[in-house]
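Below you'll find the structure, written out as structure tokens, and then a few comments.
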Amino acid sequence: QQGAALAPFCCPSGGQDPALQRQQPEVHQRGGAEADEAADIVLGRPEPPLTAVCKPPGAAWLFALEMKLFGLKAYHPMALVQALFGAGAPVFSMLAARRIFRAPGLTGPLAVGLTVALWQPLLVFTGYFSSEVPFAFLLTLALWLWIRLLQTGKGALAAGVVTALAYPIRPQIALTVALVVGLVLLAHKRFAFLGLRRAALFVAPVAFSV
């Protein structure tokens with residue numbers, strides 16, 4: 001009984017009635033729960049129960065926007081967008097690594113990019129309409145922008161906007177921000193180049209998203 005009571009908070013499907021799970025929309029066969037929710041948004045149907053508890057809404061909003069642009073069953077252009085997200089993650093991983101590895105040459109960045117490109121979950125989930133792929137893209141893009149900001153003081157607003165876009169998809173990006181800031185503090189002791197204006201430009205879109 002305790003397990004049944006906690007199920008809604010532990011897994012996406014734990015809080016749904018089994019009958020609801022069996023009555024998945026057709027789009028579910030092409031993707032996952034986020035695609036179902038996106039179809040519900042486009043069709044104006046009520047959201048599935050406990051969506052806010054079990055799944056952040058960002059991916060569903062993204063897929064709903066794609067369905068609005070391409071059509072409810074336009075799976076091929078949506079799959080292309082998903083593939084571009086998947087291809088972008090290794091690229092921005094390389095760009096971030098290039099800023100970290102100060103030594104000349106591309107050995108380090110290429111190794112990082114290849115690792116991300118061959119990361120099994122990214123390869124698998126690129127074939128589904130799931131939140132993992134757009135989040136991986138936004139996370140690596142944000143990481144590059146964060147490092148660029150911390151190194152040069154440039155791009156505070158861009159870093160904040162990308163972080164704000166990623167937050168509704170996977171709120172745990174906040175932990176990554178804290179980790180990066182903590183590592184930089186340990187390495188450099190201070191943010192000599194970050195003034196109040198740049199900090200506000202970064203924080204404002206993130207606070208709005210939260």
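To the nearest 0.05, what FRET efficiency results for ALA74 and LEU183 with a Förster distance of 45 Å applied to their C-beta separation?
Values: r = 42 Å, r/R0 = 0.93.
Calculated transfer efficiency: 0.60.
When the gyration tensor of region 66-147 is built from Cα positions, what are the square roots of 5 times its three eigenvalues, in whole Å, from largest to smallest?
Each semi-axis is the square root of five times an eigenvalue, giving 28, 12, 9 Å.
Largest first and in whole Å, the equivalent-ellipsoid semi-axes of region 54-103 read 31, 14, 7, each the square root of five times a Cα gyration tensor eigenvalue.
Using just the Cα positions, wrap region 56-210 in a convex hull and report its mean projected area in square nanometres, one decimal place. Its average projected convex-hull area is 9.7 nm².
Taken over region 114-184, the alpha-carbon convex hull comes to 92 cubic angstrom per residue.
When the solvent-accessible area of region 63-210 is split by element, carbon and sulfur atoms take up 74 percent of it, the probe being 1.4 Å.
Taking 0.36 nm per residue of separation and subtracting the current Cα-Cα distance, fully stretching the chain between ARG197 and TYR128 would add 20.8 nm. For region 66-147, the solvent-accessible area of protein heavy atoms averages 54 Å² per residue (probe radius 1.4 Å; ligands and nucleic acids excluded).
Here the spin labels are modelled as points 7 Å beyond Cα on the Cα-Cβ line, and at ARG45 and ALA87 they lie 3.3 nm apart.
In this structure, THR115 and LYS154 have a Cβ-Cβ separation that, at R0 = 35 Å, corresponds to a calculated FRET efficiency of about 0.80.
The values are calculated or read from the model by the stated rules, or taken from the named source; none is laboratory data. Bear in mind that the values here come from a model prediction, so they are computed numbers and not experimental data. FYI the Cβ positions are ideal-geometry reconstructions off the backbone, even for glycines, and counts take in every protein chain you see. The protein model used for the area step is the full one, side chains on, heavy atoms only, and it has no ligands, DNA or RNA in it. Shrake-Rupley method; radii C 1.70, N 1.55, O 1.52, S 1.80 Å.
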